[in-house]
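Participant: Dropping the structure in here first, questions after.
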2 protein chains.
Amino acid sequence: MTVITDYISTNKDRFIDELLELLRIPSVSADPKFKGDVLKMADAMKAKLAAAGADNVQLIQTDGYPVVFGEKIIDKKLPTVLVYGHYDVQPPDPLELWTSPPFEPVIKDGKIYARGACDDKGQVYMHVKAFELMMKTNSLPCNIKFMIEGEEEVGSANLAAFLEKNKDKLTADIILISDTGIIANDIPSITVGLRGLSYVEVEVTGPNRDLHSGLYGGAVANPINILCEMIASLHDKDNKVTIPGFYDEVDELSKEERAEMAKAPFDLKEYKNHLDLSDIHGESGYVTNERNSIRPTLDVNGIWGGYTGEGAKTVIASKAFAKISMRLVPHQGSKKIAELFSAHFKKIAPPSVKVKVMFHHGGEPVVTPTDSIAYKAASKAMEASFGKKPVPVRSGGSVPIVATFKDVLGLDSVLMGFGLDSDAIHSPNEHYGVFNYLKGIETIPMFYKYYTEMSK
Amino acid sequence: MTVITDYISTNKDRFIDELLELLRIPSVSADPKFKGDVLKMADAMKAKLAAAGADNVQLIQTDGYPVVFGEKIIDKKLPTVLVYGHYDVQPPDPLELWTSPPFEPVIKDGKIYARGACDDKGQVYMHVKAFELMMKTNSLPCNIKFMIEGEEEVGSANLAAFLEKNKDKLTADIILISDTGIIANDIPSITVGLRGLSYVEVEVTGPNRDLHSGLYGGAVANPINILCEMIASLHDKDNKVTIPGFYDEVDELSKEERAEMAKAPFDLKEYKNHLDLSDIHGESGYVTNERNSIRPTLDVNGIWGGYTGEGAKTVIASKAFAKISMRLVPHQGSKKIAELFSAHFKKIAPPSVKVKVMFHHGGEPVVTPTDSIAYKAASKAMEASFGKKPVPVRSGGSVPIVATFKDVLGLDSVLMGFGLDSDAIHSPNEHYGVFNYLKGIETIPMFYKYYTEMSK
């Protein structure tokens with residue numbers, strides 16, 4: 001495969017510079033004040049696809065941000081791979097914890113630091129550059145289509161409708177996604193399972209206005225105390241979620257499957273050191289690598305209420321708020337779980353407060369087969385580039401659109417990502433290894449080659 | 001007393017205008033960015049005292065904001081009343097809930113709306129204007145001293161040292177304070193008890209950085225969930241505080257005393273309607289008026305952590321924070337209670353998190369006698385101005401310096417305030433009735449008269 005490595009070696013500085021250029025655009029989809037930047041990012045991605053050699057490059061409008069589309073059809077009899085990625089990023093806060101500004105990318109110790117460096121600009125741009133490489137070296141072995149959306153970080157609310165509307169345009173044999181990771185740079189892996197997600201926001205109201213805690217303290221419901229009590233009651237002593245019905249549809253893995261999972265390399269001491277944890281914490285009866293992959297969870301992602309400024313204010317707040325998300329495993333339904341949460345949360349509220357539950361986005365859990373041609377092609381490609389056969393792993397994260405692709409387009413996805421757990425995606429100081437970026441560009445063309453050969 | 005009411009009637013517009021002028025100065029002591037305004041307010045108060053006719057008017061420096069001092073000694077053989085008040089105010093947030101800007105006072109429906117309108121600029125300025133009235137009408141019957149501080153809302157940390165240093169300057173027979181309220185405009189009352197305060201801030205740390213809730217959710221301690229559990233455990237099912245030793249020194253009132261308290265007019269339905277509460281909430285075995293006066297309490301005044309912006313972010317925060325205060329009753333010690341809290345809070349933390357507890361200010365609970373000359377003089381003065389004998393009440397609020405005055409100066413205080421519970425002090429839309437402001441100016445000179453007569 002010297003044609004691949006030669007091309008990368010000659011062009012790698014430009015590959016990196018082009019990615020940095022995209023990382024400078026703060027395409028935060030969650031916050032409306034970045035709307036102009038998200039649209040600018042869509043245009044930039046469109047231009048990059050065209051420059052790489054794609055045909056029919058266009059922005060396809062949705063009720064939210066547009067999808068960037070492009071394709072190269074070389075022969076209708078050959079297989080078609082549909083590449084999915086997203087050009088939007090997570091909000092960068094808390095800003096004060098970044099060691100360099102989130103939208104001013106810098107390279108330190110072989111890593112590119114910026115919001116979106118790994119999730120997902122770096123990973124999606126590997127595909128654009130791998131495509132360029134195949135075009136320039138006349139080695140594209142099959143047809144290829146790109147579909148790069150701008151609302152993944154806010155739940156891809158408009159993607160299902162987009163897929164329905166554009167079914168004909170999107171016909172393909174397999175979907176290829178790089179939005180996950182590998183275990184380590186010397187332990188390649190392929191994601192074969194993803195958790196689903198139900199995300200809600202709650203509001204607890206006590207008195208109709210903020211009150212003086214001296215005059216009213218002890219006599220009226222304090223919505224912050226009540227919210228804390230309600231949240232605390234959502235887990236029992238074994239750290240199991242107490243919402244009635246929460247575990248009803250959960251797939252329990254067999255002893256054999258759990259034994260298989262336990263073979264994946266994992267060093268608990270290093271895990272704790274890396275996160276500076278004095279102890280781990282989770283559901284009784286499961287180990288860390290099970291807790292974050294095959295078990296459903298409930299976490300508060302944000303909480304606020306009352307006086308949060310400097311010094312002391314003796315106030316009883318009128319309202320308290322929390323953002324709460326649940327990670328789901330097969331076959332929990334995200335809508336059903338959100339509804340179970342809502343009904344339970346309202347039921348446990350004491351009569352002295354009023355409670356509202358609002359639904360944010362959700363996504364369905366998935367498990368993908370390891371005996372498919374696509375999985376085997378990805379495995380062979382990674383083995384060739386890393387020199388080691390990749391491990392199949394179930395990840396704790398969610399890529400909700402995988403279930404949607406299966407539902408609407410009838411297509412399976414292969415999740416061949418190159419990030420690392422330590423890349424701090426969704427955190428301050430997100431980064432992506434230059435090694436990983438270039439390794440992705442190297443691996444992807446081989447996937448196309450093996451997939452095309454094995455499809456014959 | 002027509003000399004008093006005549007003077008008020010002639011000058012009331014000016015009295016109000018002068019107060020509005022002071023309310024325009026945002027003297028927020030809790031927030032360092034208002035430092036210049038707090039100092040400007042001290043100067044303004046000094047100028048007003050001098051204009052009203054006080055001698056030796058000066059700013060006495062402390063390690064924090066200065067104390068405004070002034071006096072009028074007419075005859076050393078006559079009694080001396082030391083007036084205490086404060087020129088600093090609470091922070092105005094949440095700003096978006098104010099119907100008019102907090103530092104642009106407006107008068108609506110006979111009420112002055114502004115931060116500090118009641119607490120304590122309006123109430124302290126009644127004393128300045130009552131003093132002016134007595135000076136201009138040659139009716140000052142005794143000696144008078146003013147001590148108006150600028151750190152009451154942040155715990156009067158430097159006041160004890162100030163009192164020690166200026167003992168000679170502050171010799172007096174009684175301290176007079178208007179920083180409390182009456183039951184209603186037609187039910188005058190005098191505060192004879194105040195709760196103490198212990199105020200702490202806690203920080204719970206889980207992982208050393210914000211994490212992706214998909215990849216880590218369920219496997220590491222979420223500091224927000226843990227903080228909620230810890231806060232929830234601070235109350236039992238009967239809403240009693242669970243900190244060991246918390247109730248050890250609490251003075252239990254006798255049946256007779258509670259029966260006496262129950263005579264104070266209170267309409268539960270109106271209370272609930274006024275605050276839009278579907279139900280009240282508090283310690284089992286006590287009624288509302290006991291819960292907020294003779295019982296100690298624990299309230300979260302603020303909580304924050306994780307993502308609190310628009311939309312959804314799937315993050316596990318590294319840290320979660322809360323501000324927590326406890327209201328104390330005789331004979332709980334504020335320092336001891338803060339220490340009990342701290343020891344308990346650290347003890348209940350699971351090994352998977354780290355906990356810090358920081359102490360904010362505290363204050364001691366007090367109960368004042370109703371058989372003193374000062375109480376009787378205040379009662380007679382209010383009876384004369386309101387046409388109704390005032391009720392002695394124990395308030396839930398704290399004026400921590402009352403205990404300090406007794407300790408350092410050996411002086412009792414009389415708490416003759418004119419605010420209403422509904423004045424929204426410490427809340428958005430704080431206000432003070434023009435009726436109450438003028439009624440204070442009318443009552444105060446009569447207090448001096450009766451106190452001097454009864455001291456003979």
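Every read-out reported here was derived from the displayed coordinates using simple, explicitly stated rules and does not represent laboratory data. From a predicted model like this one, the values you see are computed outputs, not experimental measurements. Here the Cβ is made from the backbone with ideal geometry for all residues, glycine too, and neighbour counts use every protein chain on show.
Participant: With no solvent and one point on each alpha carbon, what is the Debye value of log10 I(q)/I(0) for region B:238-381 at q = 0.21 Å⁻¹?
Facilitator: -1.37
Participant: Give, rounded to the nearest 20 debye, the magnitude of the charge dipole that chain A has about its Cα centre when Lys and Arg contribute +1 at Cβ and Asp and Glu contribute -1 at Cβ.
Facilitator: Magnitude of the dipole: close to 440 debye.
Participant: With +1 on each Lys and Arg Cβ and -1 on each Asp and Glu Cβ, and nothing else charged, work out how big the dipole of the protein assembly as shown is about its Cα centre, in Debye to the nearest 20.
Facilitator: 80
Participant: So, one more: Using the 10 angstrom Cβ neighbour count as an exposure proxy, how do A:His274, B:His212, B:His86 rank, fewest first?
Facilitator: Listing A:His274, B:His212, B:His86 from fewest to most nearby Cβ atoms yields A:His274, B:His212, B:His86.
Participant: Taking amide H positions as placed 1.01 Å from N in the peptide plane, with prolines and chain starts having none, which residues 5 or more places from B:Val414, or on another chain, fall under 5 Å of its amide H?
Facilitator: Those lying under 5 Å, H to H, from B:Val414 are B:Ile175, B:Leu176, B:Ile177.
Participant: Which of A:Lys263/A:Lys376; B:Lys12/B:Lys456; B:Lys263/B:Lys323; A:Lys237/A:Lys356 have a Cα-Cα distance over 31 Å?
Facilitator: Over 31 Å Cα-Cα: B:Lys12/B:Lys456; B:Lys263/B:Lys323.
Participant: Run the label-point distances for B:Lys12 please: 7 Å along Cα to Cβ, every other copy, nanometres, shortest first.
Facilitator: Label-point distances to the other copies, shortest first: 8.5 nm.
Participant: Can you sort A:Met454, B:Met382, A:Met326 from fewest to most other Cβ atoms within 10 Å of each residue's own Cβ?
Facilitator: By the 10 Å Cβ count, ascending, the order reads A:Met454, B:Met382, A:Met326.
Participant: While we're on this one: With +1 on each Lys and Arg Cβ and -1 on each Asp and Glu Cβ, and nothing else charged, work out how big the dipole of region B:206-278 is about its Cα centre, in Debye to the nearest 20.
Facilitator: 400
Participant: Counting other C-beta atoms within 10 Å, and keeping those with at most 13, which DSSP coil trypsin sites (Lys or Arg not before Pro) do you find in region B:82-181?
Facilitator: Of the trypsin sites (Lys or Arg not before Pro), the ones in loops of region B:82-181 whose Cβ has at most 13 other Cβ atoms within 10 Å are B:Lys167.
Participant: Moving to a separate point now. When the helices in the protein assembly as shown are scored as -39500 (n - 2.57) per DSSP H run of 4 or longer and the sum is shared across all residues, what 222 nm value do you end up with, to the nearest 500 deg cm²/dmol?
Facilitator: That calculation yields -10500 deg cm²/dmol at 222 nm.
Participant: Moving on to the next point. Under 5 Å between amide H atoms, partner at least 5 residues away or on a different chain: which partners does A:Gly433 have, H built in plane at 1.01 Å?
Facilitator: Answer set, sorted by chain and number: A:Ile112.
Participant: Please compute the Kirkwood hydrodynamic radius of chain A from all pairs of different C-alpha atoms, in Å with one decimal.
Facilitator: 23.5
Participant: Mean Kyte-Doolittle of at least 0.0 and a Cα length of 27 Å or more along the axis: which whole DSSP H helices of chain B meet both?
Facilitator: In chain B, the long hydrophobic H runs are B:2-23.
Participant: Same structure again: Over the Cα atoms of the protein assembly as shown, compute the convex hull volume and normalise it per residue, giving Å³.
Facilitator: So the per-residue Cα hull volume is 166 Å³.
Participant: What number, in percent, do you get for the relative contact order of region B:82-199 if the mean sequence gap of Cα pairs under 8 Å and at least 6 apart is divided by its residue count?
Facilitator: Normalised by residue count, the contact order of region B:82-199 is 37 percent.
Participant: Using the C-alpha gyration tensor of region A:71-181, what are the square roots of 5 times its eigenvalues, in whole angstrom, with the largest one first?
Facilitator: Taking √(5λ) for each Cα gyration eigenvalue gives 31, 20, 8 Å.
Participant: Between the label point of B:Ser455 and that of the same position in each other copy, find the distances and list them shortest first in nm, with every label point placed 7 Å from Cα along the Cα-to-C-beta direction.
Facilitator: In ascending order, 10.0 nm.
Participant: Please check chain B for the longest run free of GluC sites (Glu not before Pro) that are loop-located per DSSP (anything but H, G, I, E, B) and have at most 16 other Cβ atoms within 10 Å.
Facilitator: Counting only loop sites that pass the neighbour cut-off, the longest clear stretch is B:1-248.
Participant: So, one more: Return the sequence-ordered ³J(HN,Hα) values of region B:355-369 in whole Hz as given by the Karplus equation 6.51 cos²θ - 1.76 cosθ + 1.60 applied to θ = phi - 60°, using x for Gly and Pro.
Facilitator: Listing the rounded values in order: 10, 10, 10, 10, 8, 8, 6, x, x, 8, x, 9, 10, 10, x Hz.
Participant: Taking the Cα atoms of region B:126-275, report the difference between the largest and smallest coordinate on each principal axis, in whole Å and largest first.
Facilitator: So the extents along the principal axes, rounded to whole Å, are 79, 43, 33.
Participant: Further question on the same structure: What FRET efficiency, computed as 1/(1 + (r/R0)^6) with R0 = 41 Å and r the Cβ-Cβ distance, is obtained for B:Glu164 and B:Asn208, rounded to the nearest 0.05?
Facilitator: Taking R0 as 41 Å, the efficiency between B:Glu164 and B:Asn208 is 0.35.
Participant: Work out the charge dipole of region B:210-287 with +1 on the Cβ of Lys and Arg and -1 on the Cβ of Asp and Glu about the Cα centre, then indicate which of B:Leu275, B:Ala232, B:Gly214 is farthest towards its positive end.
Facilitator: B:Gly214
Participant: Now for a different question. Relative to the compact-globule scaling 2.2 N^0.38 Å, provide the ratio for the alpha-carbon radius of gyration of region B:282-335.
Facilitator: 1.70
Participant: Between copies, how close do the B:Pro244 label points come, placed 7 Å along Cα→Cβ, listed in nm from shortest?
Facilitator: Counterpart label points of B:Pro244 in the remaining copies fall at 3.7 nm.
Participant: Here's a follow-up. When B:Leu211, A:Leu39, A:Leu328 are ordered from fewest to most other Cβ atoms inside 10 Å of their Cβ, what list results?
Facilitator: A:Leu39, B:Leu211, A:Leu328
Participant: Check B:Gly302: other-chain or 5+ apart residues with amide H under 5 Å from its amide H, H built from backbone geometry?
Facilitator: A:Tyr307, B:Lys323
Participant: In whole percent, what relative contact order does region A:241-329 give with Cα contacts below 8 Å and a gap of six or more residues?
Facilitator: 27
Participant: At a Förster distance of 35 Å, what's the computed FRET efficiency of A:Asp17 paired with A:Ile60, Cβ-Cβ distance as r, to 0.05?
Facilitator: Efficiency computed from Cβ-Cβ geometry: 0.80.
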